[in-house]
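The values are calculated or read from the model by the stated rules, or taken from the named source; none is laboratory data. This is a predicted model, so every value here is computed, not measured. Cβ coordinates were reconstructed from backbone atoms using ideal geometry, including for glycine residues, and neighbour counts include every protein chain displayed. Protein only, heavy atoms only, side chains kept; ligands, DNA and RNA dropped before computing areas. Shrake-Rupley method; radii C 1.70, N 1.55, O 1.52, S 1.80 Å.
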Amino acid sequence: MKERIFADVTPHCDAEGCDGLVKPDIVFFGENLPPVFFLRLKEDFPQCDLLIIMGTSLAVQPFASLVNRVPPTTPRLLINMEKVGTDSDSLLSLMGIVSGLDFDSPTKYRDVFWEGTCDDGCREVARRLGWQKEFEVLIETENKKLLNDQAPQSDAPAVAQEAAKATEQSDETAETKADAGGNETEAVKEATGATEAAETKAAAGDNDAAVAKADPTAEAMAAECAKETGEVTLLSKV
């Protein structure tokens, strides 16, 4: 999401089945405030013992009226480039109720204006409270986090992961081919053995057939010999 925002591309939801626009966790101008705003307004502001207002025009309601929600004895500090929030509500003024911030009237008693940037104002507050060292450490730590979050993400981990995945798939393919090759070799050996056995049997069969074909001839020759022998015997008798 961050990469899309920094690339000035309108982000859409990546969830399956959802292609809605992604909205930042802020309240746009003219948009209704969340219910938690009104809940905290009732619970938190009556307990506030110091109200610090920074970097605002105090011109948009209902936020602008929050300065009047703290107890009347609560100090209010405005850190800003100019004074704001000093205009009293006309209706409340007619009723004798003072609203808004009061920096210059003779009756002021709790409002203080510090002119400058928010950063410088916070540093000055921390210095006066004796928290300057801790504040500087906090700034340095948080700035490093921001820089790390905003730094472009390297493609090296993704590339390495893809390379490892490709290597693993290649190894699996090689193993599959080796297994297939081994099976083919065994099949060829078996087929060769079967062929040789068939040829051997065929050769044996031919020999048997040859012997079988030779046997009648031998019998005929024996019979011929026996006939001749008989004739010789007969002649000798004669």
Restricting attention to the stretch 117-134, report how many residues are in contact (Cβ under 8 Å) with a residue 12 or more places away in the chain, more than 28 Å from Lys2 (Cβ to Cβ) and open to solvent by less than 80 Å² (accessible area, probe 1.4 Å). 2
Counting only residues that are surrounded by 11 or more Cβ atoms within 10 Å (Cβ to Cβ) and assigned to a loop (DSSP other than H, G, I, E, B), the stretch 4-33 contains a total of 5
If we keep just the residues of the stretch 60-85 that are more than 25 Å from Phe28 (Cα to Cα) and of a type outside the set (A, V, I, L, M, F, W, C), which is most open to solvent (accessible area, probe 1.4 Å)? Thr73
